[in-house]
Amino acid sequence: MLSWNKISHHFGYTQVLEDLTHSISAGSCSAIVGPSGCGKSTLLSIAGGLLQPGSGTIENSFERTAMVFQEDRTLPWLNALDNIAFGLKAQGVAKKTRREQGAKIAQTLKLTADDLQKYPHQLSGGMRQRVALGRALAIEPNLLLLDEPFSALDIGLKQELQSYVLEKMSQTNLAVVFITHDLLEAIRMCDSILVLCAGGKLVYQCEIPETPSSRSERFIYHQVASLLEQPAVRAAFDLSNAPSREILSA
Amino acid sequence: MRMIDEGRGWPPMLLTSWRALSGFVFAALVGSALGLLAGLSMTLAKTMRPVITILLGVPPIAWIVLALIWFGMGGATAIFTVIVTTLPMTFAAAIEGMRTVDRRQLDMADSFGAGFYLKITNLYIPHLLSYLFPAWITALGMAWKVAVMAELLSTNEGIGASLALARVNLDTDEAMAWVMAVILLLLSVEYLFLEPLKRKLEPWRNDASAKR
């Protein structure tokens, strides 16, 4: 169980999170959506223990937490295999074991033995993001924190890696917190959606029915449309009156 | 060539090499290590900046004069001057390297709970090396120059002293021969020692140059 308890946070005089309370249970997938700069990443950094909240408390009773970032953050001086094994290395796993485990994960991510010997700059962006995902999953986390990990990938690759994460979730009892700009992605993958507005206030929250595997494209588009009909969501993304105001002034 | 044939070329070359290299190696190791430690603290790094600028700005010849006063005539003066002129170079490069370590990579390491030692060996040092190598090469060149200059004024052995003798005898051939000797020594150390070291420590860069 991961719970944010009345979390507020400021960077200088700018408030990025306001009195946010939410919890994530094992096996669930929550998406956090909202406009740029609404404190989504800050919320995740707090959950991952990278940042102490300004006020409020964070409780994380998951045994192992792993993060995947928007950029792959691979280390240029390590080859792909050692990059994947980096998390295991941090846990003190012996070299031979961590390389074996890394190679096993890499295989499920469709990285060839040849790719594993390459350094990050020799791999494509998509390959590097696979390495980053592999690095997080290699430590067999119970909680996976994803900070827009697929936003720079093309739609085919995006869907492939999304299915991969969904598969992992159904195999293990993995809990996922997913930050994304992409409402389609949020609804395709997650059980609940949280909408933050600028200033980091939780303005809307909903559950998505059915299991992710049984959701049809039609269902997903329908859900996106109904989410966007919510006044709170429109206000958060500044959708509500921006176009009409422009027309009036013209 | 005649100098070498006659067997009087080698002893000064060896002596000067020893003075330049021992000073350089000491300065490279200590300067880099201190820079790494200072770079861990932003405050310390900022405090050291003016000190570095001052140390880098003091002309080597001034150090030689001071060293002559402190240590008198002899090899110690040359070694001291080499250390004191090259150490700030490696120190400054190490601090600059530490300043530019990628915060995002550190966050990534922290998200896996990486310990201090792992971050030093897997993050800071590999990043630092790309700043240190150019600085080491510059410092190495400086070490030879300063060693010869110090010898010229403070010793009666070594390449510098031999150059001083050539000056007294107005022997241009001999002077040129010693200059050549210094250049050859510098080149051989850089390409026989520093380049292979770089290849060994930064294998990912070799690949980059080979494939592009």
List every residue pair whose Cβ atoms sit under 7 Å apart, with the two residues 6 or more apart in sequence or on different chains, where the first one lies in the range A:76-100 and is farther than 18 Å from A:THR112 by Cα and at the interface with chain B (Cβ under 7 Å from one of its Cβ atoms) and the second, anywhere, is assigned to a loop (DSSP other than H, G, I, E, B) and of a type in the set (Ser, Thr, Tyr).
-> A:PRO76/A:TYR119
Restricting attention to the range A:175-184, does a residue exist that is among the β-branched types (Val, Ile, Thr), at pLDDT 90 or above, under 21 Å from A:HIS22 (Cα atoms) and in contact with a Ser or Thr (Cβ under 6 Å, 6 or more places away or on another chain)?
-> yes
Filter result (touching an Asp or Glu at 6+ places or on another chain (Cβ under 9 Å) and surrounded by fewer than 21 Cβ atoms within 10 Å (Cβ to Cβ)) within the range A:28-40 | A:SER28, A:PRO35
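Condition check: of a type outside the set (D, E, K, R), in a helix (DSSP H, G or I) and over 19 Å from the mean Cα position of the chain (by Cα). Does B:ALA143 satisfy that? Show your work before the answer.
Numbers: of a type outside the set (D, E, K, R): yes; in a helix (DSSP H, G or I): yes; over 19 Å from the mean Cα position of the chain (by Cα): no.
Criteria not met by B:ALA143.
Can you report the number of residues in the range B:148-170 which are surrounded by 13 or more Cβ atoms within 10 Å (Cβ to Cβ) and either among the acidic types (Asp, Glu) or outside any helix (DSSP H, G or I) (or both)? Reasoning before the result, please.
So in the range B:148-170, the residues surrounded by 13 or more Cβ atoms within 10 Å (Cβ to Cβ) come out as B:148-155, B:157-167.
Retained after the next criterion (residues that are either among the acidic types (Asp, Glu) or outside any helix (DSSP H, G or I) (or both)): B:151, B:155, B:157-158.
Residues flagged as surrounded by 13 or more Cβ atoms within 10 Å (Cβ to Cβ) and either among the acidic types (Asp, Glu) or outside any helix (DSSP H, G or I) (or both) within the range B:148-170 amount to 4.
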Restricting attention to the range A:135-156, the residues that are under 14 Å from A:PHE69 (Cα atoms), within 14 Å of the chain's Cα centre (by Cα) and within 13 Å of another protein chain (Cβ to nearest Cβ) number exactly 7
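Just the residues that are exposed (fewer than 14 other Cβ atoms within 10 Å of the Cβ) and either on the phi > 0 side of the Ramachandran plot or polar (S, T, N, Q) (or both), please, taken from the range B:75-114. Talk me through it step by step, then tell me what you get.
Our first condition is that a residue be exposed (fewer than 14 other Cβ atoms within 10 Å of the Cβ); within the range B:75-114, this holds for B:99-100, B:103-104.
Within the range B:75-114, B:THR100 is the sole residue that qualifies.
So that you can scan it fast, the table gives a plain yes or no per residue for (1) under 30 Å from B:LYS119 (Cβ atoms); (2) exposed (fewer than 13 other Cβ atoms within 10 Å of the Cβ); (3) among the polar types (S, T, N, Q):
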| position | (1), (2), (3) |
| --- | --- |
| B:GLY39 | yes, no, no |
| B:VAL51 | yes, yes, no |
| B:PRO60 | no, no, no |
| B:ILE69 | no, yes, no |
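Return yes or no: is A:GLY49 within 13 Å of chain B (Cβ to nearest Cβ), farther than 24 Å from A:MET169 by Cα and of a type in the set (Gly, Ala, Ser)? It would help to see each step written out before you state the result.
Numbers: within 13 Å of chain B (Cβ to nearest Cβ): yes; farther than 24 Å from A:MET169 by Cα: no; of a type in the set (Gly, Ala, Ser): yes.
The answer is no for A:GLY49.
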Kindly check whether there is at least one residue in the range A:65-85 that is at pLDDT 90 or above, over 20 Å from the mean Cα position of the chain (by Cα) and surrounded by fewer than 19 Cβ atoms within 10 Å (Cβ to Cβ).
-> yes
Among (1) surrounded by fewer than 17 Cβ atoms within 10 Å (Cβ to Cβ); (2) within 13 Å of chain B (Cβ to nearest Cβ); (3) under 23 Å from the mean Cα position of the chain (by Cα), A:LYS110 falls short only on (2)
Checked the range B:84-119 for anything among the hydrophobic types (A, V, I, L, M, F, W, C) and more than 22 Å from B:ILE52 (Cβ to Cβ); matches are B:LEU106, B:MET108, B:ALA109, B:PHE112, B:ALA114, B:PHE116, B:LEU118
Residue check for A:SER216: at pLDDT below 90 and closer than 30 Å to A:GLN91 by Cα | no
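The values are calculated or read from the model by the stated rules, or taken from the named source; none is laboratory data. Computed from a predicted structure; not experimentally measured. All Cβ positions, glycine included, derive from the backbone under ideal geometry; neighbour counts span all protein chains shown.
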